[in-house]
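Beneath this line is the structure, given in C-alpha cells, with notes to follow.
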Amino acid sequence: MTTATPTLLDVRFGPGVRNYLNEDYGFFSWVLTKDHKRIAILYLISVSIMFVLGGFFAMMMRLELLTPEGDLLTSDTYNKFFTLHGVVMIFFFLIPVIPAVIGNFMLPIMLGAKDLAFPKLNLLSWYLYMIAALVGLVVIITGGVDTGWTFYTPFSTQYSNTHVFGTTFAGFIAGFSSILTGLNFIVTTHRMRAPGLTWYRLPLMVWALYATSIVILLATPVLAITLVMLMLERTIGVGIFDPALGGDPILYQHMFWFYSHPAVYIMILPAMGVASEVVAAFTRKKIFGYRFVAYSSLAIAFLGFLVWAHHMFVAGISMYSAMIFAFLSFFVAVPSAIKVFNWTATLYRASVSWQTPMMYILGFIGLFTIGGVTGLFLAALGLDIHVTDTYFVVAHFHYVMVGGTVMAYLAGIHYWWPKMTGRMYPEWWARLAALLVFVGFNLTFFPQFVLGYLGMPRRYHAYAPEFQVLNVLSTAGASVLAVGYVLPILYLVWSLKFGRPAGPNPWGAVGLEWTTTSPPPKENFHETPEVTWDAYDYPAMMKAMGETQNV
Amino acid sequence: MMLTDFPLFPEQASTVAKDVDLLFGFLCVLTGSVSILVFIVIFFLAIKYRRTPQNELAQDYEPSHLLEAVWIVVPSIIFVGIFVWGSWLYFHLARVPDHAIEIYATGKQWMWKFQHPTGQREINMLHVPVNRPVKITMASEDVIHSLYFPAFRVKADVLPSRYRTMWFQATKTGRYHLFCAEYCGTLHSGMIGWVEVMEPTEYQKWLAGGSEGSLASQGEKLFQKYACNTCHTGDSTGRGPTLAGMYGTDVMLADNSVVKADDNYIRESILNPRAKVVKGFSSIMPVFQGQVSEDDLLKLLAYVRSLQKPVLSGAAAPPPPTASSEPKGNQP
C-alpha cells in the first residue's frame, strides 16, 4: 500500500512486511501515535528511566547504611533519598509498569481487538504520566522532598520545608494517568473481545488486568482527594489534618491508606496475571483451577479495599477496629494462597521449560510466598506492635513488590519481548541475570527481616552499631541485585539489532498474541480472529494454529 | 566487634517479650515449613516434568478439585487461629495493670522528654524499676512520633492531638534501646535513647535525687501562674467547675451528653475549653491552644489528677452538690 523507500526496518523485517514499528517513521509518529503498541513502548522507555532513577536513590541509601554512622550523606539528603526512592518507584514505576507497558501492548491483542477502546485517552494518559514525571524531576532538581512517600501529617503540612506541594501535585497528576488506563482497560475488556471470546475463555492476564482496573478506578480518586486536602492545608491552612487547626492527623492516615493499600494490589494483581500466562506457556498446560485463579483476582480486588487500617495498628485506632481490620487482613491472604497453590499444581505432569521467563516466575512464586506469609506476622496484632515501622516491614513489602511485581515484570518482558520487537534476547545472559536477581534480592532483603525483629526502625539515617553486619550483607546483596538489573537493560537493547528473529511463536505458546506476526501489524491481526477454544487449551489451540499457518 | 559480636535476636526484657516471641517463633515454624514444602514441591515437579524430547507436550490431566477446597479451607482455619492468638496478645498489651508507675513522655523534634511523678525530668533517658508495671502517658509537641522499646516488644505512636498510653513491665535490669519509630524529620534517627532498668532500691535512690518538687506540685504552681485558680476556686463560688475529685468521673455537659473526665478530656478542656462545656457553666474560659507546652500540660494534668486523692475537705463527705448525679465541677 504505502510506497515508502526501504529503510533499515524494512531490511530487518523483510521488505514489504509491515508492522507497527515500520508503519510510520519520525518523532511525531511516536509522540502523537494512537497505537496502543507504540504507547506501550513509550511507557516502556519512561518507566525504565524512572526505575533507574529510583534504583540510584536505593543504591545511595544502601551505601550510606554500610556504616552505622551517617557519614556518606547528610540526614536531610538521606531522608530525601528514601522519600524519592519511594515516590519514584511506587507512583512512577510499580503502579504503571505492568498495566501500562505489558497490559497496553498485550490486552487488545489478547482480546483479538485492533486497539484499546479509547486510543486518544490512552495517549493522554501517557502525557499525564510524563507531565507528572517532569513535575517530579523539577522537584528533585530543585531540592527534593523529605516527608517519606506516605506524606504523613502534620509533618508534611506544617513542618517540612521541602517541596511537598510539588511532589503531591505530581502524585495527583500521575493518579489521573492510571485512572484513564484503568477506564480504558475495563471498557475494552467488556466491549472489544473477539467473536467467541467469552469471559471464561479469557487469559488470566486479562482477568488480572480487569481486576486491577477496578481497583484503580475506585481507589485512585480517593488519593486525589486526599492529596488536594493536604495541599490545601499546607498552602492556605485549611484545618483538616493538623490538630493545631482543629484537624485530625489520623484521618489523613485513613484516607491515605484507603488508596495506598489497594495500590499494593494495583501492583501485585497484574504480576499474578503475568505469572499465570508464563506458567501456562512454559508448562504447556491449562492453569489448574482456572476459575479459582480468575475469581481470586476479583476477590483480592474486593477484599483489598477492606484492610487499609492494618497499616495503623499502633497509630491510635480503637482496639475493636484494629481487630476487624486484622481479621479481614488474614482473609485477603487466602486468594493469594489459592493462586500460589494452583500455579504449583499446574506443574504436575507438565512439560516444564526452564527458559528465562519461567525462571523468573519460579523465583516470583518463591519470593511472593515469603512476602505473603510475612504479611501474616504483620496482621497478627500483638506481634505487629513490635515489628511495625521496623525493617521487618521494609523487607516484607520489598518481597511483595520487588520479589513479586518486579520479578513478574521481568518474566513478562522476556516472555513478550519477541512479540514486541520481533527479536529474541540472548538466553544465556538472560538466565544469568535471572539468577543474579534472585540471589541478590534474597541477600539484600532477607537480613532485613532479622534487622526488623531486632528492632531497627525504618527510615534511619544512622543506626546502632550492633546492626552493622546485617546491613553490610544487605548492601552487598543490593550490589549483586544492581548488576542483575543492569544486565537485561544492556542485552535487551543489544537484541534489538543483533537478536535472532523470533518468528510469530517462539515458545510454542498458545494465546491470540502468538497467532499474529512478530512484531504485530499496526492493526494487530490481518483478519479478526475467531475464538473457539478455552484459554490454555493446548490441543485445540495447536490444531487451530496449525490451520492458520496453512492458510 | 564486626564479626564476633552481633545479635540475631533481640533481648527479652519484659513480661510480654516472651509471649510475643512465642507467637513469632510459632509463625516462623509454621510459615517456614509450609513455604519450604511449597518450594520443594515446585522444584521436584519442575525437574521431574522438565521438557525433554519425550515430554514436549503436557499430559492431559486435571487433578481433583477436592484439592482446591482443601487449600482454601485449611489456610482459612489456620488464619483464624493466628488472628485469635495475635488479638489476645494485643488485648493484653492494651490493658494497663493496676498500680502501674505513671510516667509522662513528650516527644518533640528530635528528643524524648520523660517526667516522673516525683518531679524528675530526663531527656533521651528513662529510669524504671524492674518487675513493676510502668505506664507511660505520651503526647507530641509537633509531628507524630512513635515510642519504641524493642527489648520490651512495645511501641505506640505519639500524637500531637491527644494523649496515648503504653505500658510494660521490665524483667531484667540493664540498659536497652529506645527509638523513635515514626519518621519525624531531619534527625529522626537521632531521636533515640536508653531505658535503664534498675533494682527497686537503686530506683528509689535515683528518685530521691534532686528534683524541683513533684510533678503535681509543679503543676500547682502553673495552675496559679496561668491564673486557673481565679475561676476554678475549688468551691461553689467559682466561675469554673470544681476540679477536686473530678478526675475519672463522668461529667455532664451543657448538651446533656456525658463524658469521662480522663487525660484526653482534661487536655482538650485546657487547650480548647469551648469544645465540651460542663453543664451549668458558661463558656468563658480562654483558649490555651498554643499557650501551654506539652510539658506544662502534663504537669497541670498531674496536678488535676492529684486533686482527687487527698479528698479536698478533710471529711470523706463529697463536696456540696452530690458527687455523681450532679454535673461534677470541672471545665471552663
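Worth a mention:
- For A:Gln253: the one exception among (1) more than 10 Å from chain B (Cβ to nearest Cβ); (2) farther than 27 Å from B:Leu57 by Cα; (3) assigned to a helix (DSSP H, G or I); (4) of a type outside the set (Val, Ile, Thr): (1)
- Residue match in segment A:276-293 (condition: within 23 Å of the chain's Cα centre (by Cα), of a type in the set (Ser, Thr, Tyr) and within 14 Å of chain B (Cβ to nearest Cβ)): yes
- Here is the figure for segment B:88-126: residues that are within 20 Å of A:His386 (Cα to Cα) and surrounded by 20 or more Cβ atoms within 10 Å (Cβ to Cβ) total 7.
- Members of segment B:164-177 found to be more than 10 Å from chain A (Cβ to nearest Cβ), touching a helix residue (DSSP H, G or I) at 6+ places or on another chain (Cβ under 9 Å) and either at negative phi or aliphatic (A, V, I, L, M) (or both), listed by number: B:Thr165, B:Trp167, B:Phe168, B:Gln169, B:Ala170, B:Thr171, B:Lys172, B:Thr173
- Residue list for segment A:163-196, restricted to those being over 30 Å from A:Val531 (Cβ atoms) and either among the small types (Gly, Ala, Ser) or touching a Lys or Arg at 6+ places or on another chain (Cβ under 7 Å) (or both): A:Val164, A:Phe165, A:Gly166, A:Ala170, A:Gly171, A:Ala174, A:Gly175, A:Ser177
- Residues located in segment A:267-321, provided they are open to solvent by less than 30 Å² (accessible area, probe 1.4 Å) and among the polar types (S, T, N, Q): A:Ser276, A:Thr283, A:Ser296, A:Ser297
Quick grid of which residues meet (1) at pLDDT 95 or above; (2) under 24 Å from A:Ala100 (Cβ atoms):
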| position | (1), (2) |
| --- | --- |
| A:Leu124 | yes, yes |
| A:Val138 | yes, yes |
| A:Ser160 | no, no |
| A:Thr167 | yes, yes |
| A:Gly175 | yes, yes |
| A:Phe185 | yes, yes |
| A:His190 | yes, yes |
| A:Pro203 | yes, yes |
| A:Met229 | yes, no |
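- Test for B:Ala275: is it surrounded by fewer than 17 Cβ atoms within 10 Å (Cβ to Cβ) and at pLDDT below 80: no
- Residue in segment A:316-338 that is at the interface with chain B (Cβ under 7 Å from one of its Cβ atoms), touching a strand residue (DSSP E or B) at 6+ places or on another chain (Cβ under 9 Å) and at pLDDT below 95 present: yes
- Within segment A:484-497, at least one residue is touching a strand residue (DSSP E or B) at 6+ places or on another chain (Cβ under 9 Å), more than 14 Å from chain B (Cβ to nearest Cβ) and open to solvent by 50 Å² or more (accessible area, probe 1.4 Å).
- Counted residues, segment B:11-31 - those being closer than 21 Å to A:Val340 by Cα, facing chain A (nearest Cβ under 8 Å) and of a type outside the set (A, V, I, L, M): 1
- Selection from segment A:339-351 of residues that are within 7 Å of another protein chain (Cβ to nearest Cβ) and either among the hydroxyl-bearing types (Ser, Thr, Tyr) or more than 25 Å from A:Gly440 (Cα to Cα) (or both): A:Phe341, A:Thr344, A:Ala345, A:Leu347, A:Tyr348, A:Arg349, A:Ala350, A:Ser351
Table: residues versus (1) over 22 Å from B:Gly185 (Cβ atoms); (2) more than 14 Å from chain B (Cβ to nearest Cβ); (3) modelled with pLDDT of 95 or more; (4) surrounded by fewer than 19 Cβ atoms within 10 Å (Cβ to Cβ).
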position: A:Phe51; (1), (2), (3), (4): yes, yes, yes, no
position: A:Phe57; (1), (2), (3), (4): no, yes, yes, no
position: A:His85; (1), (2), (3), (4): no, no, yes, no
position: A:Pro99; (1), (2), (3), (4): yes, yes, yes, no
position: A:Leu107; (1), (2), (3), (4): yes, yes, yes, no
position: A:Leu121; (1), (2), (3), (4): yes, yes, yes, yes
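- Residue count for segment A:37-79 under the criterion of being touching a Phe, Trp or Tyr at 6+ places or on another chain (Cβ under 7 Å) and farther than 30 Å from A:Tyr159 by Cβ: the result is 9.
- Members of segment B:256-272 that are of a type in the set (Ser, Thr, Tyr) and without any contact (Cβ under 8 Å) to a residue 40 or more places away in the chain: B:Ser257, B:Tyr265
The values are calculated or read from the model by the stated rules, or taken from the named source; none is laboratory data. Nothing here was measured: the structure is a model prediction, and the numbers come from that model. Cβ coordinates were reconstructed from backbone atoms using ideal geometry, including for glycine residues, and neighbour counts include every protein chain displayed. Surface areas here come from the heavy atoms of the whole protein model, side chains and all, with no ligands, DNA or RNA. Shrake-Rupley method; radii C 1.70, N 1.55, O 1.52, S 1.80 Å.
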